Amino acid sequence: MEFLTLHSPILIVAVPLLAAFITPLISRIGNRFRDTVNVSLLSFVTFLIAILAVDIYANGTRVYTFGATVPEMAIPENYMVPVRIMFQVDGISIFMGLTTTVVTLAALIYSLNFLKGQTGQDRFYSLLMLLYVGMIGLEFTGDMFNLFVFLEILSIAGAGLASYRTNLADAVEGGFKYIVISAVSALLVLFAIGILYGQYNLLSIAALANTMQFNMLDMIALAMLAIAFFMKLAGVPLHMWAPDTYAVAPAGITPMIYTSSAASMYALYRVTFTLYGGQFDTMAIGWIVIILGVLSMFIGVMMAIHQTDIKRLMAYHAISQSGYMLLGVGVGLAVLTDPAAMANYGRDAMNGGIFHIINNALYKGMLFLTAEAIFFRIGTRDLNRMGGLGHNMKWTTIFFIIGALAISGIPPFNGFASKLLIYESVFRFNPLLSVIAMFVSLVTLASFTKVFYSAFTGPEMPAYKEVREVPRSMLIGMGIMAACIIFFSIFPGLVVDTIVAPATEALIDQAGYINGVMGAVP
Amino acid sequence: MRQVVAWFVLITLVAFLVTGALLMHPFGYPPADMDDYMIANSQAETANNNVVAAVLFDYRGLDTLGEATVLFTAVTGVMLLFRALKKREKKT
Amino acid sequence: MMQYIPYNIPFIAVALLVGVALFIIIFKRNLIKIVMGIAILEAGVNLFLVTLGYRAGGVAPIYTVTPEGTMVLPVPQALTLTSIVIGVSVIALMLTMVMYVYRHMGDIDAKKSRLLRG
Amino acid sequence: MLSKIVRTISNQLILFILVFGLYIIMHGHVTPGGGFQGGAVIASGVVMLIVAFGSSEIKKSLRESHLSVVESSGALIFIGMAFAGMGTIFFYNFLVGTPVFGGIPPTGPNPGHVWTGGVIPLMNFGVGLKVIAGLSAVVLAMALFSSGEEMEE
């Protein structure tokens with residue numbers, strides 16, 4: 001147990017990696033065996049991440065230095081800069097890690113029945129594990145170049161999975177678009193890392209934040225990093241890849257690619273808050289983030305209204321919901337250097353924005369899964385050809401209603417809890433922004449009401465008389481997410497206090513992050 | 001209109017890059033705190049004559065694991081795409 | 001600023017290379033050309049990384065029968081190696097997808113495709 | 001398939017390419033080189049064979065499922081060496097000072113010795129296997145696809 005606690009940061013990454021490597025070997029024994037091994041390894045990882053979370057909330061940031069003699073010894077004896085790669089897991093990292101793990105577990109279990117009888121299953125599961133490794137590594141790492149490597153792992157795995165259905169032209173094109181965007185943004189990140197390395201000869205985030213001089217070159221690097229991560233998280237105006245890729249990705253993968261956008265959002269926050277913590281003009285940058293967030297919110301929902309492809313519609317809503325997260329954290333960024341405003345409403349706004357990440361990953365992920373369940377049974381994603389599905393697919397209907405109510409911010413669901421935090425705090429910052437946010441929420445409700453009426457209600461259509469409920473593993477996958485949503489809806493205060501507030505604290509507390517690595521050095 | 005915006009973006013980016021290139025440290029005289037440690041200690045710590053190999057597999061071993069993983073991912077992805085589909089799958 | 005210009009020619013070359021690559025990616029619509037643009041972008045970034053590590057008069061950082069003298073920095077070489085392998089992987093996957101697009105469309109012009117037009 | 005001259009010459013050359021690639025892999029800790037470089041050399045030899053003999057001919061002797069097994073085992077060797085250091089910490093170089101690859105070279109320029117480097121030669125070997133199998137598999141799959149043949153499942 002002590003061993004597990006000590007090594008949990010790397011085991012969380014290394015065990016799924018091992019699973020990905022052995023999947024091609026063990027699938028020769030049998031498909032059932034492979035599925036059992038994958039699910040049990042991922043459950044073990046879930047257990048590990050729970051251990052790590054408890055440890056971090058009790059004892060603070062964890063540093064794990066690879067190849068050193070002691071995990072905490074990031075800096076070699078009698079030296080002043082870190083030399084080795086380290087993982088640095090703090091409140092926000094573990095928060096993102098929990099989100100990622102829940103979504104991945106649901107997606108993996110959902111895929112078991114969905115893929116039955118299709119070709120290429122072992123490679124599919126291998127890539128699914130690698131996508132998880134990419135996301136979790138990106139969230140845990142404390143080293144800039146390592147961040148780039150994990151960004152590439154998640155992009156390549158995501159692109160490969162997105163074009164899984166190679167018989168459809170759209171699938172390959174969606175995957176191609178995703179990988180072009182990913183490659184360009186990853187190379188921009190690498191260029192920025194090169195600029196930072198050339199100036200300071202450092203790669204560790206904490207050490208860089210400690211020595212940063214904020215000259216012209218650093219600002220160019222910041223601009224490159226921000227553009228690159230913004231491209232990956234599909235914010236307006238760089239959102240064009242998202243609907244195409246989300247719409248074509250197979251079941252289970254869409255929520256994961258969506259979560260990987262959330263991981264890019266984490267990287268953006270990590271760079272702006274921790275690496276460049278508050279030393280630039282935070283008001284101006286904060287306002288840029290707010291405006292881009294509001295644009296994403298508004299344009300996303302407006303584009304969503306007239307879609308007829310159910311997954312494209314949900315993809316545009318996903319863009320719109322990302323806007324809320326940017327809005328909340330942007331307000332926090334804008335008042336970062338003003339302690340009074342920060343205590344008054346800035347912290348609440350950031351709490352709301354960060355809480356919205358996990359809420360959104362859950363209910364948006366579940367909505368994508370229900371859309372795939374419909375596609376699985378009737379073979380179309382066109383809303384105009386659906387109808388009366390509520391008669392035969394009762395569980396799917398229930399899950400859809402839960403998700404739709406949560407995304408529209410209807411009390412008592414968890415979407416309401418995080419949106420309320422955003423509305424209240426943003427209202428004190430600037431009332432107009434809050435009004436826009438509420439308006440967008442109303443339009444979201446209208447749009448999902450339309451989907452609900454056209455897909456699930458109405459008379460039973462003769463073509464779909466034979467349609468049955470989806471198989472059990474798909475229901476379990478959706479059920480895991482629904483259970484989390486309901487738990488979050490009943491105890492929003494508890495969740496905010498235990499996991500969201502430490503995450504916000506970790507973002508604001510730049511000195512704490514630096515001391516985790518540089519502590520011993522004067 | 002699109003063309004104009006695209007040219008504007010391109011020229012801004014290149015101007016930034018050239019400014020950045022002019023502002024970099026003089027070529028051939030980089031700061032080298034971290035690297036000097038590795039050059040001085042790689043033989044004693046990792047028993048290795050080749051400092052680049054020591055950096056790749058010891059000091060920054062996780063990067064190399066990640067890099068090998070990226071290659072594995074790409075090969076798996078290529079193989080996933082090039083698989084032979086069954087007849088039933090081809091229809092939908 | 002002016003006194004650096006003679007020394008900084010490699011960095012300016014990097015900037016121009018990246019500029020060419022961005023031009024290709026933004027303006028060209030042929031999928032193979034986009035892939036080539038990304039390959040050039042990678043080459044530019046790799047050149048940037050490896051020039052960062054050069055020390056005037058340095059020798060390769062390998063102790064086996066090496067002449068005495070300062071060594072060039074080892075970390076940028078390791079980073080470049082990593083980034084080259086990653087580049088190969090990305091390009092392999094991209095070319096696979098282009099081959100599939102060609103099989104479906106009979107063409108690799110992005111204008112003819114419904115999704116890739118934007 | 002190319003002419004007989006090309007086929008005969010590439011049949012002879014592949015041996016030298018194999019030896020050279022293995023040399024680069026196994027001496028990665030002493031001289032310039034390593035698993036990635038040596039693996040790429042050998043994979044280019046495989047590409048030469050594919051060009052000379054045609055992909056359908058190569059497919060008979062170099063099965064894709066075997067390549068996948070080799071690739072997985074290479075990756076497992078690499079991550080296994082990293083896991084083995086976990087008595088202390090992940091990626092700890094636990095072989096330094098032991099008889100196996102554990103010799104510590106004198107500080108400063110020296111002639112170099114193969115039995116040094118700790119886990120690094122073994123990791124190089126694993127990475128080498130992985131790169132050979134991976135790159136060959138990619139090139140073979142692309143060649144088969146463009147010649148219109150289906151891959152095996």
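Any read-out appearing in this document is the output of simple, stated calculations on the displayed coordinates, not a laboratory observation. Bear in mind the structure is a predicted one, so any value in this text is a computation, not a measurement. Cβ sites come from the backbone with ideal geometry, for glycine too, and all protein chains shown count toward neighbours.
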**Item:** Overall form of the range A:281-490 per C-alpha gyration tensor (a/c, 1.5; a/b vs b/c)
**Value:** prolate
**Item:** Computed E for A:PHE439/A:TYR57 - FRET, C-beta separation, R0 45 angstrom, nearest 0.05
**Value:** 0.75
**Request:** Please name which of A:ALA267, A:SER8, A:PHE376 has its Cα lying farthest along the dipole of the protein assembly as shown towards the positive end, using unit charges on Cβ (Lys, Arg +1; Asp, Glu -1) and the Cα centre as origin.
**Result:** A:PHE376
**Request:** Would you mind computing, in nm to one decimal, how far apart the modelled labels at A:SER40 and A:GLN279 are, each placed 7 Å from Cα along Cα→Cβ?
**Result:** 5.1
**Asked** Taking +1 at the Cβ of each Lys and Arg and -1 at the Cβ of each Asp and Glu, which of C:PRO61, C:VAL85, C:LEU73 sits farthest along the dipole of the range C:2-112 towards its positive end, judged by Cα position relative to the Cα centre?
**Response** C:VAL85
**Request:** Grab every C-alpha pair in chain A, bin the distances at 10 angstrom width from 0 up to the longest one, and report whole percents.
**Result:** 4, 20, 31, 27, 13, 4, 1, 0
**Prompt:** In this model, which of A:LYS394/A:LYS465; D:LYS4/D:LYS130; A:LYS116/A:LYS465 are farther than 21 Å apart at the alpha-carbon?
**Reply:** D:LYS4/D:LYS130; A:LYS116/A:LYS465
**Prompt:** Quick one: Cα centre-to-centre distance for the range A:399-439 and the range D:1-44, in angstrom?
**Reply:** 62
**Complete:** Taking a ≥ b ≥ c as the square roots of the Cα gyration tensor eigenvalues, with a/c under 1.5 meaning rounded and otherwise prolate when a/b beats b/c or oblate if not, the range A:388-474 comes out prolate
**Request:** Kindly state, as a whole number, the per residue volume in cubic angstrom of the convex hull around the alpha carbon atoms of the range D:4-146.
**Result:** 121
**Complete:** By Cβ neighbour count within 10 Å, fewest first, A:GLU424, D:GLU64, A:GLU139, C:GLU42 rank A:GLU424, D:GLU64, C:GLU42, A:GLU139
**Prompt:** Roughly how many Å is it from the Cα centre of the range C:54-91 to that of the range A:197-253, as a whole number?
**Reply:** 26
**Request:** Identify the trypsin sites (Lys or Arg not before Pro) of the range A:448-485 meeting these criteria: DSSP loop state and at most 13 other C-beta atoms within 10 Å of the C-beta.
**Result:** A:LYS465, A:ARG468
**Request:** Can you spot the aspartates and glutamates whose alpha carbon is less than 12 Å from A:LYS311's alpha carbon? Ignore those fewer than 8 places along the same chain.
**Result:** A:ASP244, A:GLU372, A:ASP382
**Mean residue ellipticity (222 nm) of chain D, computed from DSSP H runs ≥ 4 via -39,500 (n - 2.57), nearest 500** = -21500 deg cm²/dmol
**Request:** May I ask you to list the aspartates and glutamates whose Cα is less than 19 Å away from that of C:LYS33, ignoring any residue fewer than eight positions away on the same chain?
**Result:** A:GLU173, C:GLU42, C:ASP107, C:ASP109
**Request:** Please work out the ratio of the alpha-carbon Rg of chain B to 2.2 N^0.38 Å and round it to two decimals.
**Result:** 1.92
**Item:** For chain A, size of Cβ-based charge dipole, Lys and Arg +1, Asp and Glu -1, in debye
**Value:** 1480
**Prompt:** In degrees between 0 and 90, to the nearest 10, how far off the longest principal axis of chain D does helix D:64-84 point, with axes built from Cα atoms?
**Reply:** 10
**Request:** Could you check how many percent of all C-alpha pairs in the range C:2-112 are farther apart than 21 Å?
**Result:** 53
**Fill in**
Note on chain C: contact order normalised by length, alpha-carbon pairs under 8 Å, 6 or more apart, percent, works out to 24
**Prompt:** Which order do D:THR98, A:THR457, A:THR100 fall in if you start with the one that has the fewest other Cβ atoms within 10 Å?
**Reply:** D:THR98, A:THR457, A:THR100
**With Cα atoms, 0 to 90° folded angle of helix A:347-378 axis to chain A main axis** = 30
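Per the helix-only calculation at 222 nm, which mean residue ellipticity applies to chain B, given -39500 (n - 2.57) for every DSSP H run of n ≥ 4 and division by its residues, nearest 500 deg cm²/dmol?
-23000 deg cm²/dmol
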**Prompt:** So what is the calculated 222 nm ellipticity per residue for chain C, using -39500 (n - 2.57) for each DSSP H run with n of 4 or more, over all residues, to the nearest 500 deg cm²/dmol?
**Reply:** -22000 deg cm²/dmol
**Request:** Measure off 7 Å from each Cα along the Cα-to-Cβ vector at A:MET1 and D:VAL47, then give the distance between these two points in nanometres to one decimal.
**Result:** 5.5
**Complete:** 1/(1 + (r/R0)^6) with r = Cβ-Cβ of A:ASP382 and C:ASP109, R0 = 45 Å, i.e. FRET efficiency to nearest 0.05, evaluates to 0.95
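Defining a contact as two alpha carbons under 8 Å apart and six or more residues distant in sequence, what relative contact order in percent does chain A show?
Once divided by the residue count of chain A, the mean separation gives 17 percent.
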**Message:** Sort A:LYS177, D:LYS130 by Cβ crowding within 10 Å, fewest neighbours at the top.
**Reply:** A:LYS177, D:LYS130
**Prompt:** Taking the Cβ of A:ALA267 as the center, what net charge do the other residues with Cβ under 11 Å away carry, scoring Lys and Arg +1 and Asp and Glu -1?
**Reply:** +1
**Item:** Low-density loop cleavage sites - trypsin sites (Lys or Arg not before Pro) in the range B:26-92, where at most 13 other Cβ are within 10 Å (DSSP)
**Value:** B:LYS86
**Prompt:** Taking D:LYS60 as the anchor, which aspartates and glutamates have their alpha carbon closer than 16 Å to its alpha carbon, excluding any fewer than eight residues away along the same chain?
**Reply:** D:GLU149, D:GLU150, D:GLU152, D:GLU153
**Complete:** To the nearest 20 debye, the protein assembly as shown has a Cα-centred charge dipole, built from +1 on Lys and Arg Cβ and -1 on Asp and Glu Cβ, of 3160
**Message:** Within 13 Å, Cβ to Cβ, of D:TYR92, how many net charges do the neighbouring residues add up to if Lys/Arg are +1 and Asp/Glu are -1?
**Reply:** -1
**Request:** Quick one: angle between helix D:4-26 and the longest Cα principal axis of chain D, in degrees between 0 and 90, rounded to 10, please.
**Result:** 20
**Message:** Using +1 at the C-beta of Lys and Arg and -1 at the C-beta of Asp and Glu, which of B:LEU23, B:VAL5, B:ALA68 has the Cα lying farthest in the positive direction of the dipole of the range B:2-91?
**Reply:** B:VAL5
